[in-house]
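Visitor: Input: one structure, supplied below.
What follows draws every value from the coordinates through simple rules; no lab data is involved. Quantities reported herein were computed from a predicted structural model and do not represent experimental measurements. Quick reminder, even Gly has a Cβ in these numbers, built from the backbone with ideal geometry, and neighbours come from all protein chains shown.
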Amino acid sequence: MRRKAAELTEEQARRRHAPSSTTAAGLLKHLALVEHNWFVRVLGQPPSVLPGPEISFAVGEEETVAGLITAHEAACARSRESTAGYPLDHVVPHEWPGSTATG
């Protein structure tokens, strides 16, 4: 996604191709938040509040494709740090979005 987004102009990255608010830039922003949620927040790091989907895809005027790529790279680096001490078969119970049950 980062490679594809880097090939787009700011205008192209913000263009909507479906009747939703999803854009290439928004997807990149959302992926960085997903990395944070699954690999940092769920693995027991300091708690944080995640924005809702309507916010996680929203790209502000001040945000750039280059900045979103950097944010995603940083989120992936934090994910690798958070998971470094766990074996590949480690299971982390978590709450499913929209439910009250865990696992």
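Visitor: Can you give the FRET efficiency for His90 and Ser20, using 1/(1 + (r/R0)^6), R0 = 41 Å, r = Cβ-Cβ distance, to the nearest 0.05?
Guide: Details: r = 35 Å, r/R0 = 0.85.
In this case the efficiency is close to 0.75.
Visitor: Where does each of 23-34, 61-72, 79-90 land if you order them by average Cβ count within 10 Å, highest first? Kindly include the intermediate steps, with their values, before the conclusion.
Guide: Working: 23-34: 20.7, 61-72: 15.6, 79-90: 10.5.
The densest-packed peptide leads the list: 23-34, 61-72, 79-90.
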